Amino acid sequence: MQITSKPQRLLREGLLSSAQKHLDKPALVVEGTSYTYGELKTAALRMAAALKERGVKRGDRVAVYMDNTWPCIVSIYGALLAGAVFMVVNPQTKKEKLEFILKDSEAVALISDGHLAKQFLAVIDALPVLRVVIASGKLPPQIDTKLQPEAFEAVLAQTEPLQAPEFIIPNDLAALIYTSGSTGFPKGVMQTHQAMVFAAWSLIEYLRLSADERIMLMLPLAFDYGLYQLLMAMKLGATLIVERSFIFPSLVYKRIEEQQATVFPGVPTIFATLIDAHKKSGLNFPSITRVTNTAAALPADFLPLIEKIFPNALIYKMYGLTECKRVAYLEPELLHEKADSVGKAIPGTEVFLLSAEGKRIGPGGSGILHVRGPHVMAGYWNRPEQTEYMLKPGTIPGERILCTHDWFRMDEEGFLYFLGRSDDIIKTRGEKVSPKEVENVLHHIPGIKEAVVLGVPDASLGEAICAYVVTETDADLNEKKVKMICNRKLENFMVPQTVIFLEKMPLSPNGKIDKKQLIGRGDQ
């Protein structure tokens, strides 16, 4: 029997296969401009050749520090075709954190946007292994760095496409996805080609997607939820409609209608904005057939209004974490019947609950959720202790399973119900925030003696970031000043929504700050 189609093993093969089948079909519509699969393939092969010509080798890390743009997507696939490991760094990242990520990953190449020059030019000469900097768009006229950035557009125009992609195998790393950690320093989640290929196809299966989809993307590509919209679209031969963000909702609404989008991935903050607009103007998108939500649970009272906004859509509630992309989903037909559940394990994977002592928990009981499957991360980059904390011995010798450290209940039918987190990570606006990272910034503000950051439930944000601070007697600080300083040091989504000033921190009997007593406190 002759095999007529080659199975996908590598992440880049999704694009190459779709370009072979759909050369002239729009792969992307970026801020209203259409690009075909043929154009994307050629541009990515040019970037791959340029990286290799500049010394990038198999397994090297390439940082893509960019907005959701055509150059960003070209760079992601260029790195993959060059056999490199790509990392999409959130464009809101400030220079201190950018330097940490680039040093930690030992990135040899950085591809960025000209408007981010203030951040990356301040750090590139402090990175001993960085040898390639390419920037899209306008750069400052005077650049005082030893390592001079090259113009993205000129690099592509002057480079012939790579003739053959660099040899790699499915076990090789495809990406490092940096996520906040409880220590205050971000961790690089290592994902292999086979893990990401598996995860993308599992998502495609349960979302019931096809090559006819027109997927809306306004979530950052640095967020794995946003990244996988790209990966799924390219695998399917579908069309991805790309906007930089959801900052201007009316533009996104216009694009949905203009492009007849069929898939809408969102987070609770986005849905809250949609609902507010619907109440005012009767917002309605009949072309959308799939609506997905993750990062934080949708409030129950959102659902009836989301159904009115998207009258023809299947609505998916999902739960996941960067360390394995996705854990569970609820079939849309069960949205009301199992309203409080996040569903069951995604196709091809297994989940189970263990007690704190490691014993299996049966139906009706509560325990810590463990995940088994090909999508589980290879570990954290250069973080053996934290890897050991998350990856535990599996059910067969040599296997490792993911311990989420989240508490769940499972009913008699196997449906999961989220109970709470056993770590301090805050999930806000669809992003993961380390309280420690925010606290580190607060502690460096002159006049602040003590600072504690907590996540408090919020219908729109999932969790709102609340900072509790104790100041020196003569400190000239108020909420506005503290937020302004945080905004200079942190990504926008990490800036506290509320800053509460206290005379002193409440203490537990052992002398530690009692965080439970802080919740609900106001100004004193």
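The values are calculated or read from the model by the stated rules, or taken from the named source; none is laboratory data. Since we're looking at a predicted model, the values are computed, not measured. Here Cβ is always computed from backbone atoms with ideal geometry, including for glycine, and neighbour counts include all displayed protein chains.
General observations
A quick yes/no check of all residues on (1) modelled with pLDDT of 95 or more; (2) surrounded by 19 or more Cβ atoms within 10 Å (Cβ to Cβ); (3) closer than 27 Å to ILE346 by Cβ; (4) among the hydroxyl-bearing types (Ser, Thr, Tyr):
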site	(1), (2), (3), (4)
SER182	no, no, yes, yes
PHE198	yes, yes, yes, no
GLN229	yes, yes, yes, no
ILE247	no, no, no, no
PHE271	no, yes, yes, no
PHE285	yes, yes, yes, no
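- Looking across region 8-53, the residues that are surrounded by fewer than 18 Cβ atoms within 10 Å (Cβ to Cβ) and not hydroxyl-bearing (Ser, Thr, Tyr) come down to ARG9, GLN20, LYS21, LEU23, ASP24, LYS25, GLU31, GLY32, GLY38, GLU53.
- Among the conditions (1) more than 26 Å from THR179 (Cβ to Cβ); (2) touching a residue at least 60 places away in the same chain (Cβ under 8 Å); (3) of a type in the set (Ser, Thr, Tyr), the only one that SER460 does not satisfy is (1).
- Elements of the type strands (runs of 3 or more DSSP E) sitting completely within region 354-451 and holding at least 1 residues that are touching a strand residue (DSSP E or B) at 6+ places or on another chain (Cβ under 8 Å) and either at pLDDT below 90 or surrounded by 21 or more Cβ atoms within 10 Å (Cβ to Cβ) (or both): these cover 366-372, 400-410, 416-421, 426-428, 431-433.
- Number of residues in region 18-41 that are part of a helix (DSSP H, G or I), in contact (Cβ under 8 Å) with a residue 24 or more places away in the chain and of a type outside the set (A, V, I, L, M, F, W, C) equals 4.
- When VAL291 is tested against (1) in a loop (DSSP other than H, G, I, E, B); (2) under 22 Å from LEU207 (Cα atoms), just one condition goes unmet, and that condition is (1).
- Among (1) over 25 Å from ALA464 (Cβ atoms); (2) free of Cβ contacts under 8 Å to residues at least 40 places away in the same chain; (3) not polar (S, T, N, Q) - the single one ARG421 does not satisfy: (1)
- Of the residues making up region 333-349, just one is loosely packed, with under 12 Cβ neighbours inside 10 Å and not in a loop (DSSP other than H, G, I, E, B), namely GLU333.
- Considering only residues in region 472-524 that are within 13 Å of VAL452 (Cβ to Cβ) and of a type in the set (S, T, N, Q), the one that is modelled with the highest pLDDT turns out to be THR498.
- Verdict on GLU150 being touching a Gly at 6+ places or on another chain (Cβ under 9 Å) and either at positive phi or surrounded by fewer than 20 Cβ atoms within 10 Å (Cβ to Cβ) (or both): no
- LEU298 fulfils the conditions (1) touching a Lys or Arg at 6+ places or on another chain (Cβ under 7 Å); (2) under 27 Å from VAL456 (Cβ atoms); (3) in contact (Cβ under 8 Å) with a residue 60 or more places away in the chain; (4) among the hydrophobic types (A, V, I, L, M, F, W, C) except for a single criterion, (3).
- ILE275 being assigned by TED's automatic domain parsing to the domain that holds ILE309 and in a strand (DSSP E or B): no
- ALA313 being buried (at least 22 other Cβ atoms within 10 Å of the Cβ) and among the aliphatic types (A, V, I, L, M): no
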